[in-house]
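Scroll down for the structure; my scribbles are underneath it.
The values are calculated or read from the model by the stated rules, or taken from the named source; none is laboratory data. Just so we're clear, the structure is a prediction, and the values are computed from it rather than from any experiment. Ideal geometry is used to build each Cβ from the backbone, glycine not excepted, and the neighbour counts take in all protein chains shown. In case anyone asks, the SASA skips ligands and DNA or RNA and just uses the protein heavy atoms, side chains included. Shrake-Rupley method; radii C 1.70, N 1.55, O 1.52, S 1.80 Å.
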Amino acid sequence: EPEYGVDDPRVAQQRVAEEYGGRSIDAGLKESRGSPELVVAPQGSSGHLYLLPQAHERRPRLEAFFRDQTWCGPLFVGEAVEAVGQSNSHHLALTFSMRKYQEPNRLGVPGVTDVVTSEAKPAKPKGFGSHGGLGAFERGPFLVAMGGGFVAGSEEWGRTSLVDIAPTALRHLGLPRDGIEGLALPLA
């Protein structure tokens, strides 16, 4: 019998992919595609925007730009990024989550999101899953696995974290986990 893992099909299905780079140039917020003063790090249905010190005066305009976008959901600026587990050090100017929709995805499960892309990180085809944002359907993933320390029919309802995935997979594959953060699941 094969051993396998299945990722969560409930992640928010992507609806609209927004390529941010060109928009920031058109809005006069970034000099050119290759210029380093403003960089977006797309995270699927969220993103982080970094500003070098010489471009720091653009932050109020950036904040206004993002608040005006129909695809932008919650926006965290300055020290507010700490509310979503980020640090405002290292030039992080703002963090944003893309807009969420309650409509059902192609499988009938509610939860659809817009996603942010870049030239370096293009979008998946429309309708595929995405994660990384603050939507209710992105923050409750589950993992199904068989074999490698999992007992048939067992469930783990304890507090877990994303950092538990790597040690769980390593244990499943019979590989060493020395020095790695997180716990191998199941915990019992």
In the stretch 144-161, is there at least one residue being within 26 Å of HIS48 (Cβ to Cβ), open to solvent by less than 40 Å² (accessible area, probe 1.4 Å) and either at pLDDT 75 or above or assigned to a loop (DSSP other than H, G, I, E, B) (or both)? no
Quick one: how many residues across the stretch 86-118 are crowded, with 18+ Cβ neighbours inside 10 Å and assigned to a strand (DSSP E or B)? 15
Assigned to a loop (DSSP other than H, G, I, E, B), over 19 Å from the mean Cα position of the chain (by Cα) and at pLDDT 90 or above - does that describe any residue in the stretch 39-56? yes
Only residues that are small (Gly, Ala, Ser) and open to solvent by less than 40 Å² (accessible area, probe 1.4 Å): list them for the stretch 170-187, please. GLY182, ALA184
